[in-house]
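Colleague: One structure follows; several queries about it will come next.
The values are calculated or read from the model by the stated rules, or taken from the named source; none is laboratory data. Remember, predicted model here, so these are calculated numbers, not experimental data. Note that each Cβ is placed from the backbone with ideal geometry, even for glycine, and that neighbours are counted across all protein chains shown.
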Amino acid sequence: MAKQTDSFRIPLPNGWRRRAKSAMLHVISLAQYAMAYTGSWAANCQIARIRLKAENDQLRQHLAWLTEENRVKDARMKRTAASKRPHYAPIERMSILELRAARAWSVQQTADAFLVTAATIASWMKRLDERGPDALVQIREPVNKFPDFVRYTVQRLKTLCPTLGRVKIAEVLCRAGLHHGATTVRRILKETPHAKPPEAAVTSDRVVTAKRPNHVWHIDLTTVPTAGGFWASWLPFAIPQCWPFCWWLAVVIDHHSRRAIAFAVFPKRPNSLALRTFLGRTITRVKATPKYLICDKDKVFWCGAFKRWCRRKRVRPRYGAVGKHGSIAVVERFIRTMKDEATRRIRILQRRARFRAQIDSFFVWYNEHRPHAALTGRTPNEAYFRLRPANRRPRIEPRKRWPRSAPCAAPRTLVAGQPGDRFTADFRRPNYHSCLRGIPGG
């Protein structure tokens, strides 16, 4: 009997070269290169109908990629006998049944989608109302001492924002008035994350310490790809680092408050003149000139024109050591946060106005609402404008028998009202009116 994969094999004609498979990868890479280049004008067209058509085409292409990815994964799983396939966890079974109800699937359609038998789905439905720790289908269990909604809120935060660690989740809930310790969050998530070792600080004889806002600034450049990566199958195995394949982004960070001061978007790698113009506009808008400007030894910063500009502005440039970790750690950590929490979740970035709007929204959220570990849970705006931190306000205590005089998770605050009082959590998306605009570049 022929194997199942035999039907998908296409024999090559006689006389074909041995590099047919390599040629196929080259053809696909060239096609993607051509589509990105020729479709870039539509993403920035002034006609809204053409922009929507370009966005629709990109969404269709991304859907086709996901469909092919799932087909390959399902083909691998189908080659394993049904009795030897890994079992779904009780919570995952409940998620499958919820998806079946949402999509109005039959038992057979659900079984085909998740590579199980129809009898298995039918048995899940019959045993849906079982209770106890050994139930076949389970929902999220309650946490001791805390009401069920508290545990559900913590777990959903981890599910929807997987980049947040237990300390960051505790800080976010603390700002909302619900105080948790990091150990409590870890117990709720039933995880034991491995703490990263502290990064070695770079010792130098010329240490710059930020004493106030706008005393020390950081500046750096980074690239944000529009299609998810730069790899290509031909030499030098990378596509050009310019628009429409990526955007160049320049960011300025205040060291004292960790506040994102400004950004600029460029279609290609900016030169020293473009960055000096960007910095000049930033100084004019902020109405403050830093005493020190920390950057790396890139050629756009390590040049005579940039150093002369710094002297005219009475700014002292400080350069990070080449090849040493931690020299410009503050701005590099911000760029990593921006990519992990914003730009890597954006699928369509070819249109410049849309990309600027996404970065602008991230800057507003980062400065106004994201607690920072180096600021003891304060946000950059609270440190920059010296506002009262939200995590210092009176807290909510959902435990009825909790003594009012007992301490809570840090930072310790008083109880608002009475322990066990009911309150309403509003998770509606706020209508932000951005107060920060990127400085035009290029």
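Colleague: Looking at (1) touching a strand residue (DSSP E or B) at 6+ places or on another chain (Cβ under 7 Å); (2) within 25 Å of Asn381 (Cα to Cα); (3) surrounded by fewer than 15 Cβ atoms within 10 Å (Cβ to Cβ), can you tell me which one Lys287 breaks?
Modeller: (1)
Colleague: Restricting the search to region 97-121, which residues are farther than 24 Å from Lys84 by Cβ, surrounded by 13 or more Cβ atoms within 10 Å (Cβ to Cβ) and over 31 Å from the mean Cα position of the chain (by Cα)?
Modeller: Trp105
Colleague: Out of all the residues in region 91-106, is one or more touching a residue at least 12 places away in the same chain (Cβ under 8 Å) and outside any helix (DSSP H, G or I)? Outline the logic, then answer.
Modeller: Of all residues in region 91-106, those touching a residue at least 12 places away in the same chain (Cβ under 8 Å) come to 91, 93-94, 96-97, 100.
Retained after the next criterion (residues that are outside any helix (DSSP H, G or I)): none.
Within region 91-106, not a single residue is touching a residue at least 12 places away in the same chain (Cβ under 8 Å) and outside any helix (DSSP H, G or I).
Colleague: Also, I was wondering about something else. Could you pull out the residue among Glu130, Glu171 that is buried (at least 17 other Cβ atoms within 10 Å of the Cβ), of a type outside the set (Gly, Ala, Ser) and farther than 30 Å from Arg76 by Cα?
Modeller: On the way: Glu130 fails: buried (at least 17 other Cβ atoms within 10 Å of the Cβ).
The match here is Glu171.
Table: residues versus (1) at pLDDT 85 or above; (2) touching a helix residue (DSSP H, G or I) at 6+ places or on another chain (Cβ under 9 Å); (3) part of a loop (DSSP other than H, G, I, E, B).
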site: Asp205; (1), (2), (3): no, no, yes
site: Thr209; (1), (2), (3): no, no, yes
site: Ile219; (1), (2), (3): yes, yes, no
site: Val224; (1), (2), (3): yes, yes, no
site: Ala227; (1), (2), (3): no, yes, yes
site: Arg269; (1), (2), (3): yes, no, yes
site: Leu275; (1), (2), (3): yes, yes, no
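Colleague: Here is a list: Ile359, Ile328. Which entry is under 30 Å from Thr209 (Cβ atoms), modelled with pLDDT under 90 and crowded, with 18+ Cβ neighbours inside 10 Å?
Modeller: Answer to the selection: Ile328.
Colleague: Collect the residues in region 45-57 that are under 23 Å from Ile239 (Cα atoms) and surrounded by fewer than 16 Cβ atoms within 10 Å (Cβ to Cβ), keeping them in residue-number order.
Modeller: Asp57
Colleague: Going by what's in this entry, would Pro411 be described as surrounded by 12 or more Cβ atoms within 10 Å (Cβ to Cβ) and at pLDDT 75 or above? Before the answer, list the steps.
Modeller: Working: surrounded by 12 or more Cβ atoms within 10 Å (Cβ to Cβ): yes; at pLDDT 75 or above: yes.
Spelling it out, Pro411 is indeed surrounded by 12 or more Cβ atoms within 10 Å (Cβ to Cβ) and at pLDDT 75 or above.
Colleague: What is the number of the single condition among (1) modelled with pLDDT of 80 or more; (2) assigned to a loop (DSSP other than H, G, I, E, B); (3) surrounded by fewer than 18 Cβ atoms within 10 Å (Cβ to Cβ) that Thr183 does not meet?
Modeller: All conditions are met except number (2).
Colleague: Which of the residues that make up region 46-90 are among the aliphatic types (A, V, I, L, M), part of a loop (DSSP other than H, G, I, E, B) and under 30 Å from Leu189 (Cβ atoms)?
Modeller: Ala89
Colleague: Can you tell me which residues in region 394-403 are farther than 19 Å from Val167 by Cα and either in contact with a Leu (Cβ under 8 Å, 6 or more places away or on another chain) or surrounded by 11 or more Cβ atoms within 10 Å (Cβ to Cβ) (or both)?
Modeller: The answer is Pro394, Glu397, Pro398, Arg399, Trp402.
Colleague: To continue, here is another question. Please enumerate the residues belonging to region 28-44 that are surrounded by 14 or more Cβ atoms within 10 Å (Cβ to Cβ) and either of a type in the set (A, V, I, L, M) or in a loop (DSSP other than H, G, I, E, B) (or both).
Modeller: Those that are surrounded by 14 or more Cβ atoms within 10 Å (Cβ to Cβ) and either of a type in the set (A, V, I, L, M) or in a loop (DSSP other than H, G, I, E, B) (or both): Met35, Ala36, Gly39, Ala42, Ala43, Asn44.
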